[in-house]
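Here the structure is laid out as structure tokens; the discussion comes afterwards.
Read-outs throughout are calculated quantities, based only on the coordinates presented, and are distinct from any laboratory measurement. Every value quoted in this text rests on a predicted model; they were computed, and no experiment measured them. So basically every Cβ, Gly included, is an ideal-geometry build from the backbone, and we count neighbours across all protein chains shown.
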Amino acid sequence: MTSQTGAQIIDGKAYAEGLRGRIAGHVARLKTEHGITPGLAVVIVGHDPASQIYVTNKAKQTVEVGMHSEKYELPADVPEAEVLALIEKLNADPAIHGILVQLPVPRHIDPNKIIATIAPAKDVDCFTPESVGRLQIGLPGPVSCTPLGCLMLLRDFVGDLAGKHAVIVGRSNLVGKPMAQLLLRENCTVTVAHSRTADLPGIVRQADIVVAAVGRPLMIKGDWIKPGAAVIDVGINRVPAPDKGEGKTRTVGDVDYASALPVAGWITPVPGGVGPMTIACLLANTVTTASLINGLVPPKDLTP
Ligand code: GUN
């Protein structure tokens, strides 16, 4: 579609459903051909309602694709040493190929200690220094879930990304930095911008691909977008929605969708764009780590 008729909407929910179908096929093959059932353990500390929903969804989707799922819910005041001991137990458990500790953890627990204790071979979040290094130099292993999801959508909808100028807005360890690595691997020219970048609108206007991961609701406006650009919105921001009733909220992205839609070539909506891809890519990473732990080549369609 051209910019005159408006952007093609990238349906991440539908893509994630198809991806989960492919993952289920890989899981079935690992079981029948190799006797391996990929297993994912999720650990949650405390009772943050948003985290509870994420973790429940992760466990549910793990089972739906045929994997083994373990969920550990620890009280908010659990001693740090107990969490570390649980991770060590899971590191040594042959039925578990992926370990995810839901962040944030309560203040008395050091998230860096948690991450450093997870065996890199089972690090399906791609949080450990070893996994981050492997991603940087292009060795096989898990890939940060949200950036992997963004890359799959870009490849499927936009096609060959070589030579394109990608502007990533946001420099987090979770999204911005690994996204830059993945797009460099695709032979993009990559700019990592952030909230302190001078003339951010001017930088974004140069982009063939915009990845918005800055965590500021509706920050990126339609007149910042080059006509025909691909716009990937990673933002998940809750904002007041008085039109829906007193105290109600709605979820919006980092991109001002209404003004970007007529200008962009492709755009992900929020919700229903990048969000559903993150859990699907967590499952993809568990197939990858289960394969690597057992000396098998991971399925090519689940890795960058
Ligand atoms: N909290 C919010 N997003 C994530 C994620 O991707 N992984 C983990 N472990 N915790 C999170």
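Using alpha carbon coordinates only, what is the Rg to Rh ratio of region 77-149, with Rh defined as the Kirkwood radius?
We get a ratio of 0.98 for region 77-149.
Report the Stokes-Einstein translational diffusion coefficient (µm² s⁻¹, integer) for the chain, Rh taken as the Kirkwood radius over Cα pairs, at 37 °C with viscosity 0.692 mPa s.
Estimated diffusion coefficient is 164 µm²/s.
K60: which aspartates and glutamates have alpha carbons under 20 Å from its alpha carbon, excluding same-chain residues fewer than 8 sequence positions away?
Leaving aside aspartates and glutamates fewer than 8 places away in the same chain, those within reach of K60 are E17, D48, E70, E73, D123, D125.
Reported to two decimal places, what Rg/Rh ratio describes region 1-70 when computed on Cα atoms with Rh from the Kirkwood expression?
Radius of gyration relative to Kirkwood radius: 1.17.
Taking only Cα atoms of region 92-224, what ratio of Rg to Rh do you get with Rh as the Kirkwood inverse-distance radius?
Over the Cα atoms of region 92-224, Rg/Rh equals 1.02.
Could you sort the peptides 136-144, 34-42 by per-residue average Cβ neighbour count (10 Å cutoff), highest mean leading?
Packing proxy ranking, top to bottom: 34-42, 136-144.
Taking a threshold of 31 Å on the Cα-Cα distance, which of the pairs K13/K71; K89/K248; K58/K113; K13/K226; K221/K300; K122/K226 fall above it?
In this structure, K89/K248; K221/K300; K122/K226 exceed 31 Å between Cα atoms.
Which Cys residues of the chain have no other Cys beta carbon under 4.7 Å away?
Flagged as lacking a Cys partner: C126, C150, C188.
Over 13 Å apart: what share of the alpha carbon pairs of region 256-302 falls there, rounded to a whole percent?
Looking at region 256-302, the distances longer than 13 Å represent 65 percent of pairs.
Roughly what % of Cα-Cα distances in region 1-145 sit above 26 Å, to the whole percent?
Summing the P(r) of region 1-145 above 26 Å gives 33 percent of all pairs.
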